[in-house]
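Step one of this worksheet: look at the structure below.
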Amino acid sequence: MKVALKLELRRLFSSKELYIAILIGLALVVWLFVYEIVEANLFAEQYALYGDKVSGYLYYPKTVFNSCIELEYDALPPIILYLLFPIIAAFPYAGAYCKDKKTGYLKNLLTRIDRHDCFMAKYIVSFLSGFLVSGVILLSSLMLTMLVFPMLTPEAVTQNYYVQSGNMWGELFYTMPILYTLLYILIDMLWCGCMASFALMLSMFTPSPFLAVTGSFIVFEVLDYVLSLFSLSQFSPITFLRPIQTVDGISFGIILTEFIVFMAASFTAFYFLERKKDVF
């Protein structure tokens, strides 16, 4: 197991797809960072001239907790990032399994490594790839924002924050916002690992790396659309992964239960069914 895991990790960190995925996310982070600085400077200039009249409500300076990509609620980069997370998470590794089968690499690998070790290592590294990519992106945004904006405790009366006290962990956000942010980043990282693993499972059914990478995105987008038709958006991963919680009814129980279901489905299909195949 140790040899197989080491081999797959080496392949992951030497793949250009890993760094392309990270660069795409970091480009969105930098885009938002520049946007927030420009917006903050423009507002400061207007406020210096017109005072509270420019905002219409109590002025409260921009903070880390409404400027980082996790908690910014009306800019384009966060919307794009969370929409594309299934693809960004799957891109570094999901397509590699299709290539392994197509080139015959998998057949050669199975003659040298135990099937159990081979498929378990691939599943673990697939999960880690999504977990790592999302973590680098989200934590980079948080740390970059902390260089410029203050870490003031959010005040609900300012109407500058989308998280409501009645949301999941809402009270935590208004008392210990950094803990709320870090916990939600951890949830997003775990779910991006889950999405990458789900994409690996989908790669069992297609010889195309492109379809393997985009398949997870299609599944989660269709699920989001169907759930929205029945006013059940709180059950959609595309929706509940945004820490600003754009819909009511999101709970940790929902997030955890769906995570277990998707992980169990992808693991069962890939590890127990795929490794029993004699022909690839």
Practice item. Return the FRET efficiency for the residue pair F252, Y73: r is the Cβ-Cβ distance, R0 is 30 Å, and the value is rounded to the nearest 0.05. Key: 0.90
Study note, to complete from the structure: Simple SL model, points at 7 angstrom along Cα→Cβ for Y19 and A265; separation in nm is 3.5
Practice item. Find the percent of Cα-Cα distances in region 93-152 that exceed 20 Å, and round it to a whole number. Key: 48
Study note, to complete from the structure: For region 138-280, the Debye formula with one identical point scatterer on each Cα and no solvent gives log10 I(q)/I(0) at q = 0.13, 0.15, 0.17, 0.21 Å⁻¹ as -0.70, -0.86, -1.02, -1.30
Review point. Per the 1.4 Å probe, what fraction of the accessible area of the chain, in percent, lies on carbon and sulfur atoms?
Key: 69
Point to revise | Lysine pairs within region 52-166, Cα separation less than 17 Å, 8 or more sequence positions apart or different chains | key: 5
Check your understanding: At a probe size of 1.4 Å, how large is the accessible area of M176, to the nearest 10 Å²?
Key -> 100
Exercise for review: Please give the peptides 1-13, 158-170 ranked by average Cβ packing (other Cβ atoms within 10 Å per residue), highest first, as a rough proxy for protection.
Suggested key: 158-170, 1-13
Check your understanding: Relative contact order, percent, of region 211-265 when contacts are C-alpha pairs under 8 Å separated by at least 6 residues?
Key -> 22
Review point. For the chain, which DSSP H helices look membrane-span-like by this rule: Cα extent along the axis of 30 Å or more and mean Kyte-Doolittle of at least 0.0?
Key: 16-50, 115-146, 177-202, 209-229
Exercise for review: For the chain, set up a Gaussian network in which alpha carbons nearer than 10 Å are linked by springs, and say which option among D114, D224, D100 fluctuates the most.
Suggested key: D114
Check your understanding: Pick from F252, F240, F127: which is most flexible by mean-square fluctuation in a GNM of the chain where alpha carbon atoms under 10 Å apart are linked?
Key -> F252
Check your understanding: Under a 1.4 Å probe, what is the accessible area of region 225-266 per residue, stated in Å²?
Key -> 47
Check your understanding: Once the piece of chain linking F272 and A27 is laid out straight, how much longer is it, given 0.36 nm per residue of separation minus the C-alpha distance between them?
Key -> 84.4 nm
Study note, to complete from the structure: Stokes-Einstein D for region 201-280 (4 °C, 1.567 mPa s, Kirkwood Rh from Cα pairs), in µm²/s, comes to 91
Revision key, fill the gap. Lys and Arg at +1, Asp and Glu at -1: neighbours of L139 with Cβ under 13 Å from its Cβ sum to -2
**Study point:** Environment charge of F43, counting only residues whose C-beta is closer than 11 Å and scoring Lys/Arg +1, Asp/Glu -1
**Key:** -2
**Study point:** Net +/- balance of residues flanking I69 in space, Cβ distance below 11 Å, scoring K and R +1, D and E -1
**Key:** -3
Practice item. Determine the relative contact order of the chain: mean sequence separation of Cα pairs under 8 Å and six or more apart, normalised by residue count, in whole percent. Key: 26
**Study point:** Rg/Rh for the chain, where both radii come from Cα atoms and Rh is the Kirkwood radius
**Key:** 1.05
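The values are calculated or read from the model by the stated rules, or taken from the named source; none is laboratory data. Every value quoted in this text rests on a predicted model; they were computed, and no experiment measured them. Neighbour counts are summed over all protein chains in view; Cβ atoms, including those assigned to glycine, are modelled from backbone coordinates with ideal geometry. In case anyone asks, the SASA skips ligands and DNA or RNA and just uses the protein heavy atoms, side chains included. Shrake-Rupley method; radii C 1.70, N 1.55, O 1.52, S 1.80 Å.
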